[in-house]
Amino acid sequence: MSGYTPRVKAILKDAGCRLVRQGRGDHEIWESPINGRRFTVDGDILSKHTANGTLKDAGLPKQF
């Protein structure tokens, strides 16, 4: 893990999101209790835009 990935995963865990399963390649499938949706988290998030997009998919506000 590098870039924004550790910080994004920490924010997701603090918000109550949970890892559902491993996806393809270095992606993971997570589920959000906020909106009840599943979303992917890249294993190597290098862009703040991708990090904020992942948080948006989880129903969380931008943090980067």
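The values are calculated or read from the model by the stated rules, or taken from the named source; none is laboratory data. Bear in mind the structure is a predicted one, so any value in this text is a computation, not a measurement. Cβ placement follows ideal geometry from the backbone for every residue including glycine, while neighbour counts extend to all protein chains displayed.
Among residues of segment 11-37 that are of a type in the set (A, V, I, L, M), those with a Cβ under 6 angstrom from a residue that is surrounded by 12 or more Cβ atoms within 10 Å (Cβ to Cβ) and modelled with pLDDT under 95, sequence gap 6+ or separate chain, pair up as ILE29/GLY23. Counting just the residues of segment 22-48 that are within 13 Å of the chain's Cα centre (by Cα), basic (Lys, Arg) and not in a helix (DSSP H, G or I), which one comes out surrounded by the fewest Cβ atoms within 10 Å (Cβ to Cβ)? Among those residues, the one meeting the criterion is ARG37.
For segment 7-16, the criterion of being in a loop (DSSP other than H, G, I, E, B) and in contact with an Asp or Glu (Cβ under 8 Å, 6 or more places away or on another chain) is satisfied by no residue at all. Number of residues in segment 33-64 that are touching a Phe, Trp or Tyr at 6+ places or on another chain (Cβ under 8 Å) and either among the polar types (S, T, N, Q) or over 19 Å from GLY23 (Cα atoms) (or both): the value is 7.
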